[in-house]
Amino acid sequence: MNNVDTADLLAVLLRSDLSSFIQRSFATVDPGSVYSHNWHIDAIAYQLERIARGEIRRLIITMPPRSLKSISASIAFPAWILGRYPKKRILAVSYSENLAEKLAFDCMKVLASDWYQDTFPQTRVARNRSRKFDFETTRGGGRYSASVGGALTGRGGDIIIIDDPHKPDEAQSEVRRSSVLDWYGSTLLSRCNDPATTPIIVIQQRIHENDLAGMLLEQGGWEHLNLQAVADDPESFDLGRRGHIHRKEGDLLHAERLPRDLLSDYKTQLGSYVYAAQYQQRPAPIEGGIVKWNWFKSYDVVPQQLEQDEIVQSWDTASSAGELNDYSVCTTWLVRKPQAWMLDLWRGRLEYPDLQRKIQSLAVQANANRILIEQAGSGISLIQDLSRSSDLNVIGIIPKQDKASRLMNVSAMIEAGRILIPKEAPWLADFRRELTLFPNARNDDQVDSLSQFLNWLDQPEFKWYVGGSYY
(Lines give C-alpha, C1' and ligand atoms only; values in the text may rest on other atoms or scores of the structure.)
Protein backbone atom coordinates (compact mmCIF):
# COMPACT_ATOMS: atom_id res chain seq x y z
CA MET A 1 0.00 0.00 0.00
CA ASN A 2 1.54 3.36 -0.98
CA ASN A 3 1.62 6.57 1.09
CA VAL A 4 -1.33 8.14 -0.75
CA ASP A 5 -3.52 5.17 0.11
CA THR A 6 -2.43 5.35 3.76
CA ALA A 7 -3.18 9.06 3.92
CA ASP A 8 -6.58 8.54 2.35
CA LEU A 9 -7.43 5.80 4.82
CA LEU A 10 -6.35 8.00 7.73
CA ALA A 11 -8.56 10.83 6.46
CA VAL A 12 -11.53 8.47 6.20
CA LEU A 13 -10.90 7.28 9.77
CA LEU A 14 -10.63 10.81 11.16
CA ARG A 15 -13.80 11.92 9.37
CA SER A 16 -15.84 9.01 10.71
CA ASP A 17 -14.37 8.28 14.13
CA LEU A 18 -14.33 11.03 16.76
CA SER A 19 -12.14 9.07 19.20
CA SER A 20 -9.35 8.85 16.59
CA PHE A 21 -9.88 12.53 15.79
CA ILE A 22 -9.45 13.44 19.49
CA GLN A 23 -6.14 11.56 19.56
CA ARG A 24 -4.89 13.37 16.44
CA SER A 25 -6.02 16.74 17.84
CA PHE A 26 -4.12 16.14 21.07
CA ALA A 27 -0.84 15.95 19.13
CA THR A 28 -1.58 19.36 17.59
CA VAL A 29 -2.77 21.09 20.76
CA ASP A 30 -0.11 19.66 23.09
CA PRO A 31 2.76 18.46 20.85
CA GLY A 32 5.23 18.10 23.71
CA SER A 33 3.15 15.56 25.63
CA VAL A 34 2.58 11.86 25.12
CA TYR A 35 -1.00 10.82 24.44
CA SER A 36 -2.11 7.90 26.57
CA HIS A 37 -5.32 6.44 25.19
CA ASN A 38 -7.95 5.04 27.51
CA TRP A 39 -11.43 3.61 27.12
CA HIS A 40 -13.09 6.67 28.69
CA ILE A 41 -12.15 8.72 25.60
CA ASP A 42 -14.04 6.17 23.50
CA ALA A 43 -17.03 6.48 25.84
CA ILE A 44 -17.00 10.29 25.60
CA ALA A 45 -16.58 10.18 21.82
CA TYR A 46 -19.50 7.75 21.44
CA GLN A 47 -21.88 10.01 23.37
CA LEU A 48 -20.76 13.09 21.40
CA GLU A 49 -21.24 11.18 18.15
CA ARG A 50 -24.81 10.45 19.27
CA ILE A 51 -25.28 14.22 19.66
CA ALA A 52 -23.93 14.73 16.12
CA ARG A 53 -26.34 12.12 14.73
CA GLY A 54 -29.31 13.68 16.49
CA GLU A 55 -29.98 10.62 18.67
CA ILE A 56 -29.88 12.64 21.90
CA ARG A 57 -30.28 16.35 22.62
CA ARG A 58 -29.25 16.64 26.27
CA LEU A 59 -25.94 15.21 27.51
CA ILE A 60 -24.11 15.59 30.83
CA ILE A 61 -20.59 14.20 31.24
CA THR A 62 -19.11 14.31 34.74
CA MET A 63 -15.47 13.33 35.17
CA PRO A 64 -12.29 14.10 37.17
CA PRO A 65 -9.91 16.96 36.36
CA ARG A 66 -6.99 16.35 34.01
CA SER A 67 -8.74 13.59 32.08
CA LEU A 68 -8.77 15.23 28.61
CA LYS A 69 -12.23 16.66 29.16
CA SER A 70 -11.72 19.97 27.37
CA ILE A 71 -9.65 18.60 24.50
CA SER A 72 -12.38 16.06 23.82
CA ALA A 73 -15.49 18.24 24.13
CA SER A 74 -14.45 21.87 23.60
CA ILE A 75 -11.58 21.55 21.10
CA ALA A 76 -11.74 18.33 19.06
CA PHE A 77 -15.53 17.93 18.94
CA PRO A 78 -16.29 21.43 17.56
CA ALA A 79 -13.50 21.05 14.98
CA TRP A 80 -14.86 17.63 13.96
CA ILE A 81 -18.42 18.96 13.68
CA LEU A 82 -17.31 21.92 11.56
CA GLY A 83 -15.37 19.55 9.31
CA ARG A 84 -18.47 17.46 8.69
CA TYR A 85 -21.02 20.29 8.84
CA PRO A 86 -19.27 23.59 8.05
CA LYS A 87 -22.55 25.53 8.30
CA LYS A 88 -23.08 24.58 11.96
CA ARG A 89 -22.80 27.33 14.56
CA ILE A 90 -21.35 26.10 17.85
CA LEU A 91 -21.57 28.13 21.06
CA ALA A 92 -18.92 27.13 23.63
CA VAL A 93 -19.17 28.37 27.23
CA SER A 94 -16.67 28.19 30.13
CA TYR A 95 -16.48 29.76 33.57
CA SER A 96 -13.93 32.45 32.65
CA GLU A 97 -12.89 34.53 29.65
CA ASN A 98 -9.30 33.30 29.93
CA LEU A 99 -10.37 29.67 29.71
CA ALA A 100 -12.80 30.43 26.86
CA GLU A 101 -10.02 32.21 24.95
CA LYS A 102 -7.55 29.34 25.39
CA LEU A 103 -10.04 26.70 24.23
CA ALA A 104 -10.99 28.80 21.18
CA PHE A 105 -7.32 29.31 20.30
CA ASP A 106 -6.58 25.58 20.58
CA CYS A 107 -9.58 24.71 18.41
CA MET A 108 -8.37 27.19 15.80
CA LYS A 109 -4.95 25.48 15.86
CA VAL A 110 -6.63 22.22 14.89
CA LEU A 111 -8.53 23.80 12.00
CA ALA A 112 -5.35 25.47 10.74
CA SER A 113 -3.29 22.25 10.73
CA ASP A 114 -2.30 20.58 7.47
CA TRP A 115 -3.76 17.22 8.47
CA TYR A 116 -7.15 18.80 9.26
CA GLN A 117 -7.29 20.58 5.92
CA ASP A 118 -6.41 17.32 4.15
CA THR A 119 -9.16 15.54 6.12
CA PHE A 120 -11.82 18.21 5.61
CA PRO A 121 -10.98 20.12 2.41
CA GLN A 122 -14.39 21.85 2.34
CA THR A 123 -13.94 23.55 5.72
CA ARG A 124 -11.87 26.72 5.88
CA VAL A 125 -11.78 29.61 8.34
CA ALA A 126 -13.10 32.80 6.74
CA ARG A 127 -10.69 35.69 6.60
CA ASN A 128 -11.63 38.87 8.47
CA ARG A 129 -14.38 36.96 10.28
CA SER A 130 -12.45 35.78 13.30
CA ARG A 131 -12.02 37.50 16.65
CA LYS A 132 -10.28 36.73 19.90
CA PHE A 133 -12.89 34.21 21.02
CA ASP A 134 -14.71 33.50 17.75
CA PHE A 135 -14.09 32.29 14.22
CA GLU A 136 -16.34 31.51 11.26
CA THR A 137 -16.06 29.18 8.30
CA THR A 138 -16.42 30.22 4.66
CA ARG A 139 -19.73 28.31 4.66
CA GLY A 140 -21.30 30.48 7.40
CA GLY A 141 -20.77 28.24 10.41
CA GLY A 142 -18.28 28.75 13.22
CA ARG A 143 -17.31 28.41 16.86
CA TYR A 144 -18.34 31.22 19.21
CA SER A 145 -17.15 31.54 22.80
CA ALA A 146 -18.58 33.04 25.97
CA SER A 147 -17.90 33.06 29.68
CA VAL A 148 -20.57 32.14 32.21
CA GLY A 149 -22.48 35.25 33.19
CA GLY A 150 -21.34 37.16 30.10
CA ALA A 151 -23.52 38.79 27.48
CA LEU A 152 -24.63 36.67 24.53
CA THR A 153 -26.37 39.35 22.48
CA GLY A 154 -26.53 38.35 18.84
CA ARG A 155 -25.03 34.92 19.45
CA GLY A 156 -26.85 31.65 19.00
CA GLY A 157 -25.88 28.03 18.57
CA ASP A 158 -26.96 24.96 16.63
CA ILE A 159 -24.97 23.12 19.33
CA ILE A 160 -24.21 24.49 22.80
CA ILE A 161 -21.26 23.19 24.83
CA ILE A 162 -20.86 24.15 28.50
CA ASP A 163 -17.39 23.17 29.72
CA ASP A 164 -16.77 23.67 33.46
CA PRO A 165 -19.49 26.22 34.26
CA HIS A 166 -18.28 26.60 37.85
CA LYS A 167 -14.93 27.78 39.11
CA PRO A 168 -13.82 25.03 41.54
CA ASP A 169 -12.65 27.36 44.32
CA GLU A 170 -16.12 28.92 44.46
CA ALA A 171 -17.80 25.58 45.20
CA GLN A 172 -19.25 26.59 48.56
CA SER A 173 -20.41 30.07 47.54
CA GLU A 174 -24.18 29.82 47.20
CA VAL A 175 -24.26 33.25 45.55
CA ARG A 176 -21.80 32.23 42.81
CA ARG A 177 -23.47 28.87 42.23
CA SER A 178 -26.91 30.44 42.03
CA SER A 179 -25.68 33.03 39.54
CA VAL A 180 -24.55 30.21 37.21
CA LEU A 181 -27.90 28.44 37.49
CA ASP A 182 -29.82 31.69 36.94
CA TRP A 183 -27.68 32.60 33.91
CA TYR A 184 -28.28 29.18 32.39
CA GLY A 185 -32.05 29.53 32.69
CA SER A 186 -32.45 33.21 31.91
CA THR A 187 -29.78 33.75 29.25
CA LEU A 188 -28.18 30.63 27.79
CA LEU A 189 -31.34 28.67 26.97
CA SER A 190 -32.56 31.57 24.85
CA ARG A 191 -29.48 31.18 22.63
CA CYS A 192 -30.64 27.88 21.10
CA ASN A 193 -31.11 28.53 17.38
CA ASP A 194 -33.90 25.95 17.38
CA PRO A 195 -35.27 25.35 20.89
CA ALA A 196 -36.82 22.07 19.74
CA THR A 197 -33.67 20.51 18.30
CA THR A 198 -30.53 22.35 19.52
CA PRO A 199 -28.37 19.92 21.56
CA ILE A 200 -26.85 21.07 24.86
CA ILE A 201 -23.76 19.37 26.28
CA VAL A 202 -22.59 19.95 29.86
CA ILE A 203 -19.17 18.55 30.74
CA GLN A 204 -17.70 19.23 34.16
CA GLN A 205 -16.19 17.99 37.37
CA ARG A 206 -18.78 18.01 40.15
CA ILE A 207 -18.13 20.65 42.80
CA HIS A 208 -21.33 20.67 44.87
CA GLU A 209 -24.61 18.82 45.12
CA ASN A 210 -26.39 21.97 43.84
CA ASP A 211 -24.08 22.77 40.91
CA LEU A 212 -25.37 23.00 37.34
CA ALA A 213 -25.08 19.26 36.65
CA GLY A 214 -26.86 18.52 39.92
CA MET A 215 -29.75 20.83 39.08
CA LEU A 216 -30.17 19.46 35.55
CA LEU A 217 -29.97 15.82 36.63
CA GLU A 218 -32.65 16.47 39.23
CA GLN A 219 -34.88 17.97 36.52
CA GLY A 220 -34.49 14.79 34.43
CA GLY A 221 -34.35 14.22 30.69
CA TRP A 222 -30.57 14.18 30.40
CA GLU A 223 -28.27 11.39 29.21
CA HIS A 224 -25.56 11.06 31.86
CA LEU A 225 -22.05 9.68 31.36
CA ASN A 226 -20.58 9.54 34.87
CA LEU A 227 -16.86 8.75 35.08
CA GLN A 228 -15.45 8.22 38.57
CA ALA A 229 -11.73 8.13 39.27
CA VAL A 230 -12.36 4.92 41.25
CA ALA A 231 -15.50 2.88 40.61
CA ASP A 232 -17.81 2.83 43.64
CA ASP A 233 -19.89 0.01 42.15
CA PRO A 234 -19.75 -2.41 39.21
CA GLU A 235 -20.79 -0.60 36.04
CA SER A 236 -20.82 -0.93 32.25
CA PHE A 237 -20.11 1.67 29.56
CA ASP A 238 -21.11 1.73 25.90
CA LEU A 239 -18.17 2.48 23.59
CA GLY A 240 -20.16 2.37 20.37
CA ARG A 241 -18.33 0.50 17.61
CA ARG A 242 -15.72 -0.55 20.17
CA GLY A 243 -18.21 -2.55 22.23
CA HIS A 244 -18.61 -2.26 25.98
CA ILE A 245 -16.33 -2.08 28.98
CA HIS A 246 -17.19 -3.39 32.44
CA ARG A 247 -15.71 -1.90 35.60
CA LYS A 248 -15.53 -3.71 38.90
CA GLU A 249 -15.80 -1.93 42.23
CA GLY A 250 -12.45 -0.28 42.94
CA ASP A 251 -11.28 -0.17 39.30
CA LEU A 252 -9.36 2.96 38.31
CA LEU A 253 -10.61 5.19 35.52
CA HIS A 254 -7.17 5.69 33.95
CA ALA A 255 -4.27 4.13 35.83
CA GLU A 256 -1.59 5.89 33.77
CA ARG A 257 -2.88 9.43 34.37
CA LEU A 258 -4.54 8.94 37.76
CA PRO A 259 -2.77 6.09 39.57
CA ARG A 260 -4.00 4.99 42.99
CA ASP A 261 -1.15 6.56 44.98
CA LEU A 262 -1.67 9.93 43.26
CA LEU A 263 -5.41 9.81 44.02
CA SER A 264 -4.57 9.03 47.65
CA ASP A 265 -2.36 12.13 47.76
CA TYR A 266 -5.14 14.23 46.21
CA LYS A 267 -7.59 13.01 48.84
CA THR A 268 -5.19 14.04 51.59
CA GLN A 269 -4.44 17.42 50.03
CA LEU A 270 -8.01 18.32 49.07
CA GLY A 271 -9.92 16.68 51.89
CA SER A 272 -12.75 14.15 51.65
CA TYR A 273 -15.47 16.61 50.60
CA VAL A 274 -13.61 18.17 47.69
CA TYR A 275 -12.14 14.84 46.58
CA ALA A 276 -15.53 13.10 46.61
CA ALA A 277 -16.99 15.83 44.40
CA GLN A 278 -14.20 16.45 41.91
CA TYR A 279 -12.80 12.93 41.53
CA GLN A 280 -15.70 10.66 42.48
CA GLN A 281 -18.51 12.86 41.09
CA ARG A 282 -20.59 12.44 44.25
CA PRO A 283 -20.54 15.71 46.19
CA ALA A 284 -21.50 15.21 49.81
CA PRO A 285 -24.38 17.31 51.18
CA ILE A 286 -23.06 20.42 52.89
CA GLU A 287 -25.73 19.89 55.60
CA GLY A 288 -23.78 16.86 56.75
CA GLY A 289 -21.05 19.10 58.19
CA ILE A 290 -17.93 20.34 56.45
CA VAL A 291 -15.67 19.15 59.27
CA LYS A 292 -15.94 15.81 61.06
CA TRP A 293 -14.97 15.88 64.73
CA ASN A 294 -12.88 12.72 64.50
CA TRP A 295 -10.58 14.46 62.00
CA PHE A 296 -8.97 16.41 64.84
CA LYS A 297 -5.99 14.96 66.62
CA SER A 298 -6.03 15.51 70.37
CA TYR A 299 -3.41 16.10 73.05
CA ASP A 300 -3.18 15.62 76.83
CA VAL A 301 -0.31 17.97 77.59
CA VAL A 302 0.60 21.16 75.75
CA PRO A 303 3.99 20.65 74.05
CA GLN A 304 6.90 22.61 75.43
CA GLN A 305 7.31 25.78 73.39
CA LEU A 306 10.40 25.77 71.17
CA GLU A 307 12.35 28.80 70.01
CA GLN A 308 10.82 28.79 66.53
CA ASP A 309 7.25 28.32 67.80
CA GLU A 310 4.75 31.17 67.86
CA ILE A 311 1.62 31.94 69.85
CA VAL A 312 -1.11 33.28 67.58
CA GLN A 313 -4.54 34.57 68.56
CA SER A 314 -7.41 34.75 66.08
CA TRP A 315 -10.30 37.16 66.80
CA ASP A 316 -13.79 37.22 65.38
CA THR A 317 -15.29 40.43 66.75
CA ALA A 318 -18.95 41.45 67.05
CA SER A 319 -20.07 45.00 66.38
CA SER A 320 -21.80 45.56 69.76
CA ALA A 321 -22.79 43.83 72.98
CA GLY A 322 -26.50 43.70 72.25
CA GLU A 323 -28.21 40.44 73.17
CA LEU A 324 -29.08 39.67 69.54
CA ASN A 325 -25.57 40.28 68.25
CA ASP A 326 -22.92 37.63 67.71
CA TYR A 327 -20.30 36.88 70.30
CA SER A 328 -16.72 38.00 70.04
CA VAL A 329 -14.37 35.02 70.05
CA CYS A 330 -10.63 34.57 70.50
CA THR A 331 -8.88 31.27 69.83
CA THR A 332 -5.27 30.90 70.98
CA TRP A 333 -2.83 28.68 69.11
CA LEU A 334 0.68 27.33 69.42
CA VAL A 335 2.10 27.23 65.91
CA ARG A 336 4.86 24.85 64.91
CA LYS A 337 4.42 24.60 61.16
CA PRO A 338 2.94 22.57 59.63
CA GLN A 339 1.05 21.76 62.87
CA ALA A 340 -0.90 23.90 65.33
CA TRP A 341 -2.25 23.22 68.85
CA MET A 342 -5.46 24.94 69.96
CA LEU A 343 -4.67 26.14 73.48
CA ASP A 344 -7.69 28.16 74.55
CA LEU A 345 -10.98 29.73 73.47
CA TRP A 346 -12.58 32.84 74.96
CA ARG A 347 -16.12 33.87 74.02
CA GLY A 348 -18.22 36.78 75.22
CA ARG A 349 -20.26 39.89 74.46
CA LEU A 350 -18.47 43.17 75.18
CA GLU A 351 -18.89 46.82 74.24
CA TYR A 352 -16.11 48.29 72.12
CA PRO A 353 -13.87 49.76 74.88
CA ASP A 354 -14.09 46.57 76.95
CA LEU A 355 -13.40 44.45 73.87
CA GLN A 356 -10.26 46.46 73.11
CA ARG A 357 -9.03 45.94 76.67
CA LYS A 358 -9.87 42.22 76.48
CA ILE A 359 -7.78 41.78 73.33
CA GLN A 360 -4.82 43.39 75.07
CA SER A 361 -5.17 41.41 78.30
CA LEU A 362 -5.52 38.02 76.55
CA ALA A 363 -2.52 38.83 74.34
CA VAL A 364 -0.37 39.63 77.38
CA GLN A 365 -1.66 36.60 79.26
CA ALA A 366 -0.73 34.24 76.38
CA ASN A 367 2.43 36.16 75.40
CA ALA A 368 1.03 36.22 71.84
CA ASN A 369 3.36 36.90 68.91
CA ARG A 370 0.57 37.74 66.45
CA ILE A 371 -3.04 38.90 66.76
CA LEU A 372 -5.30 38.16 63.79
CA ILE A 373 -8.40 40.37 63.46
CA GLU A 374 -10.84 40.33 60.56
CA GLN A 375 -10.58 43.67 58.77
CA ALA A 376 -14.32 44.30 58.60
CA GLY A 377 -16.94 45.96 60.82
CA SER A 378 -15.62 46.75 64.29
CA GLY A 379 -12.38 44.97 63.39
CA ILE A 380 -11.25 47.93 61.27
CA SER A 381 -11.37 50.32 64.23
CA LEU A 382 -9.81 47.76 66.57
CA ILE A 383 -6.84 47.25 64.24
CA GLN A 384 -6.26 51.00 63.99
CA ASP A 385 -6.68 51.70 67.73
CA LEU A 386 -4.57 48.74 68.87
CA SER A 387 -1.80 49.62 66.41
CA ARG A 388 -1.68 53.18 67.81
CA SER A 389 -2.07 52.41 71.52
CA SER A 390 -0.16 49.14 72.03
CA ASP A 391 2.91 47.18 70.98
CA LEU A 392 0.83 44.21 69.82
CA ASN A 393 1.65 42.69 66.45
CA VAL A 394 -1.82 43.11 64.96
CA ILE A 395 -2.53 41.57 61.54
CA GLY A 396 -5.63 42.60 59.64
CA ILE A 397 -7.22 39.74 57.71
CA ILE A 398 -9.35 40.61 54.69
CA PRO A 399 -11.95 37.87 54.09
CA LYS A 400 -12.00 36.84 50.44
CA GLN A 401 -14.90 34.35 50.37
CA ASP A 402 -18.08 33.46 52.20
CA LYS A 403 -17.91 31.63 55.54
CA ALA A 404 -18.56 28.13 54.18
CA SER A 405 -15.92 28.50 51.46
CA ARG A 406 -13.34 29.67 53.98
CA LEU A 407 -13.84 26.59 56.14
CA MET A 408 -14.01 24.24 53.16
CA ASN A 409 -10.69 25.57 51.86
CA VAL A 410 -8.88 24.52 55.05
CA SER A 411 -10.83 21.39 56.01
CA ALA A 412 -8.11 19.22 54.46
CA MET A 413 -5.62 20.57 57.03
CA ILE A 414 -7.80 19.21 59.83
CA GLU A 415 -8.42 15.90 58.08
CA ALA A 416 -4.68 15.50 57.49
CA GLY A 417 -4.04 15.62 61.26
CA ARG A 418 -2.25 18.98 61.32
CA ILE A 419 -4.60 20.58 63.87
CA LEU A 420 -4.68 19.38 67.50
CA ILE A 421 -7.24 20.16 70.20
CA PRO A 422 -7.16 19.34 73.92
CA LYS A 423 -8.85 16.17 75.09
CA GLU A 424 -10.56 18.15 77.83
CA ALA A 425 -11.42 21.84 78.12
CA PRO A 426 -14.42 23.75 79.56
CA TRP A 427 -15.16 25.32 76.17
CA LEU A 428 -14.77 22.11 74.12
CA ALA A 429 -18.43 20.98 74.05
CA ASP A 430 -19.79 24.29 72.72
CA PHE A 431 -16.99 24.50 70.16
CA ARG A 432 -17.71 20.96 68.96
CA ARG A 433 -21.45 21.59 68.64
CA GLU A 434 -21.06 24.78 66.61
CA LEU A 435 -18.38 23.34 64.34
CA THR A 436 -20.10 20.06 63.51
CA LEU A 437 -23.48 21.76 62.89
CA PHE A 438 -21.99 24.53 60.74
CA PRO A 439 -23.41 26.07 58.56
CA ASN A 440 -26.75 25.31 60.23
CA ALA A 441 -25.82 26.24 63.79
CA ARG A 442 -27.37 29.33 65.37
CA ASN A 443 -23.94 30.96 65.80
CA ASP A 444 -20.77 30.73 63.73
CA ASP A 445 -18.32 33.02 65.55
CA GLN A 446 -16.15 30.15 66.86
CA VAL A 447 -15.99 28.67 63.36
CA ASP A 448 -15.04 32.07 61.93
CA SER A 449 -12.14 32.39 64.39
CA LEU A 450 -10.98 28.87 63.52
CA SER A 451 -11.19 29.25 59.74
CA GLN A 452 -9.51 32.68 59.87
CA PHE A 453 -6.55 31.19 61.73
CA LEU A 454 -6.29 28.15 59.44
CA ASN A 455 -6.47 30.25 56.28
CA TRP A 456 -3.68 32.45 57.67
CA LEU A 457 -1.65 29.37 58.62
CA ASP A 458 -2.03 27.97 55.11
CA GLN A 459 -0.64 31.06 53.39
CA PRO A 460 3.01 31.90 52.66
CA GLU A 461 4.37 34.75 54.75
CA PHE A 462 4.38 37.25 51.89
CA LYS A 463 0.58 37.16 51.89
CA TRP A 464 0.20 38.23 55.51
CA TYR A 465 -1.49 41.59 55.88
CA VAL A 466 0.07 43.89 58.47
CA GLY A 467 -0.60 47.53 59.20
CA GLY A 468 -2.32 48.23 55.88
CA SER A 469 -0.03 46.32 53.54
CA TYR A 470 1.06 42.80 52.59
CA TYR A 471 4.49 41.33 53.29
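The values are calculated or read from the model by the stated rules, or taken from the named source; none is laboratory data. This is a predicted model, so every value here is computed, not measured. Cβ: placed from backbone, ideal geometry, glycine included. Neighbour counts: every protein chain shown. When the accessible area is computed, the model is the full protein with side chains, heavy atoms only, and any ligands, DNA or RNA have been set aside. Shrake-Rupley method; radii C 1.70, N 1.55, O 1.52, S 1.80 Å.
Relative to the longest principal axis of the chain, what angle (0 to 90°, nearest 10) does the C-alpha long axis of helix 352-366 take?
Result, in degrees: 90.
With all protein chains present, calculate the accessible area of Leu420 using a 1.4 Å probe and round the result to the nearest 10 Å².
The value for Leu420 is about 20 Å².
Given an 8 Å cut-off on Cα distances and at least 6 residues of separation, report the relative contact order of the chain as a percent.
14
What number comes out for accessible area per residue over the chain if the probe is 1.4 Å? Units Å², please.
Values: 21740 Å² over 471 residues.
Per-residue accessible area for the chain comes out at 46 Å².
Which value, in Å² and to the nearest 10, is the accessible area of His244 when all protein chains are kept and the probe is 1.4 Å?
Only protein atoms counted, so the area is about 120 Å².
Can you list the residues, at least 5 places off or on another chain, whose amide H is less than 5 Å from the amide H of Tyr299, using H built in the peptide plane?
Ile421, Lys423
Please list Asp114, Asp194, Asp106 from largest to smallest accessible area, probe radius 1.4 Å, with all protein chains kept in place.
Descending accessible area places them as Asp114, Asp194, Asp106.
Give the relative contact order (percent, whole number) for segment 206-358; include only Cα pairs under 8 Å separated by 6+ residues.
Taking the mean separation of contacting Cα pairs over the length of segment 206-358, I get 16 percent.
Roughly how far apart, in whole Å, are the Cα centres of segment 30-68 and segment 72-98?
13
Can you give the accessible area of Glu256, probe radius 1.4 Å, in Å² rounded to 10?
140
Taking only Cα atoms, what is the 0 to 90° angle, nearest 10, from helix 97-112's long axis to the longest principal axis of the chain?
Taking Cα atoms only, the helix is inclined about 20 degrees.
Using alpha-carbon positions, what is the distance between the centroids of segment 399-445 and segment 205-229, in Å?
Each part's Cα centre sits 29 Å from the other's.
In whole Å, what is the distance between the alpha-carbon centres of segment 141-188 and segment 247-309?
Answer, in whole Å: 30.
What does the charge count around Glu415 come to, taking other residues whose C-beta lies under 12 Å from its C-beta (Lys +1, Arg +1, Asp -1, Glu -1)? All intermediate terms of the calculation are to be shown ahead of the outcome.
Working: positive: Lys267, Lys292, Lys297, Arg418; negative: none.
Net local charge, Glu415 excluded: +4.
Once neighbouring chains are kept in place and the probe is 1.4 Å, which whole percent of the accessible area of the chain is contributed by carbon and sulfur?
47
Compute, for segment 1-117, the length of the dipole vector about the Cα centre, with Cβ point charges of +1 (Lys, Arg) and -1 (Asp, Glu) only. Units Debye, rounded to 20.
That gives segment 1-117 a dipole magnitude of about 520 debye.
Once R0 is set to 22 Å, what does the formula 1/(1 + (r/R0)^6) return for the Cβ-Cβ distance between Arg349 and Trp293, expressed as a FRET efficiency to the nearest 0.05?
Taking R0 as 22 Å, the efficiency between Arg349 and Trp293 is 0.25.
Give me P(r) over segment 1-153, computed from all C-alpha to C-alpha distances, binned every 5 Å, as integer percentages.
2, 9, 18, 22, 22, 16, 7, 2, 1, 0, 0
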